[in-house]
Structures are given as structure tokens and as C-alpha cells.
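The block underneath contains the structure these notes are about, expressed in C-alpha cells.
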Amino acid sequence: MRKSYLVALNPEERASLEKLISTGRTSAKRQTHGRILLKADAGLAGPGWTDEQICTALDVSPATVARVRKRFVEQGLEAVIHRRKMPRPSRRRLDRAQEARLLALACSPAPEGQARWTLRLLADQMVILEYVESISYETVRSVLKKRDQAPPEGMLVHPCRAQRRVCLPDGRCPGGLWAAP
């Protein structure tokens, strides 16, 4: 079978990989990737092993060998040796107006037949009232937890009159909620 990604290391890359493996101060994954590249090297100094030989010698899957070859050819040595960070967009699940509606809902009296608001009840009610298309109880929990910290000046109300409790699925409470002014 013809390989579409041929590894040809230059002397500097080869020396770098040999040093990486011989010191033993890096993770096993990095060392394994380095060994794969050294065995797959089809250059003048390399043995040019087949994928099957590499899999047998290093006890890795053929997919790992193919992935390391491809990444080396397309992105270079640094991309193979160093783990890339996955971009994780952190977007807000609710905007400020929706958060305010959620807080107002949590501070309102519990629905008929319920002793108190639960996170799932709040999430369902937000959808029923068409404040959001969908929302998980975990998002409700994180918003309420964030809001349970220091409230803005002027928001404090006597705890006996204004504090309501919201229950987590396991029965615990995330803390008191302050009523809107």
C-alpha cells in the first residue's frame, strides 16, 4: 500500500527527537510520537519502516501512526510533539435580560402544588414563558450560583422577608436569592 504522507526528517529534527526520547523527561505520548516519526523516517538516516512494523514495535494502532504522519507532513514537528489546545468558545447562554427574568422567576412564589422552585421547574418555566427556546437546569444553576455572590448595592432586603430557596436535583440549596428592588 502506498503511503500518502511520507516522513523525511532533516538532521536537526532527527537530533531533536532523539534527545526528546533519550532524556525521558516528557510524557509517554510525546515519546511515542517521537519514536513513530523516527521509525517512519524515509530520509537518508532513517529506517523507513512500514506502518505495520511501527504498530508492532511500538504497540500502537495503525490510526495513530497515520495521524502522526499526517500531522507531521501538514503542520510540522512542533504540532506532533506539543499538544494543541482546542479552541473553546465561551459564549453566554443567557443575556442579561434573560438572567434578570430568571432571577425574578426564582424570587417569585413557587407554582401550585410545589413547596419551592427546583432548577428543573425554573428551566421548564423559562421555556413555557418563552423567555428562551431551551435551557438546561445546569445553566439555571450556574446563573443562580453566580448571582448568589455579592449583590449590587441597594439590592439587599431583610433576609426574613425576601430570601427564597431554590433546590438542586440532589435536594441541596445553592443559597439564598435576593428579591428585586
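Assorted remarks:
- Where Arg91 falls short, out of the listed (1) open to solvent by 50 Å² or more (accessible area, probe 1.4 Å); (2) assigned to a loop (DSSP other than H, G, I, E, B); (3) in contact with a strand residue (DSSP E or B) (Cβ under 9 Å, 6 or more places away or on another chain): (3)
- Test result for Leu102, in contact (Cβ under 8 Å) with a residue 24 or more places away in the chain, closer than 30 Å to Val132 by Cα and open to solvent by less than 60 Å² (accessible area, probe 1.4 Å): yes
- Residue list for the stretch 29-60, filter: within 32 Å of the chain's Cα centre (by Cα), open to solvent by 70 Å² or more (accessible area, probe 1.4 Å) and closer than 19 Å to Glu13 by Cα: Lys29, Arg30, Arg35
- Against the list (1) at pLDDT below 90; (2) within 30 Å of Ser4 (Cα to Cα); (3) among the charged types (D, E, K, R), the condition Arg91 fails is (2).
- Scanning the stretch 114-142 for residues that are assigned to a helix (DSSP H, G or I) and among the basic types (Lys, Arg), we see that the one that is farthest from the chain's Cα centre (by Cα) is Arg120.
The values are calculated or read from the model by the stated rules, or taken from the named source; none is laboratory data. All values derive from a computational prediction rather than experimental measurement. Every residue, glycine as well, gets a Cβ built from its backbone with ideal geometry; the counts of neighbours run over all protein chains shown. For accessibility, only protein heavy atoms count, side chains too; no ligands or nucleic acids. Shrake-Rupley method; radii C 1.70, N 1.55, O 1.52, S 1.80 Å.
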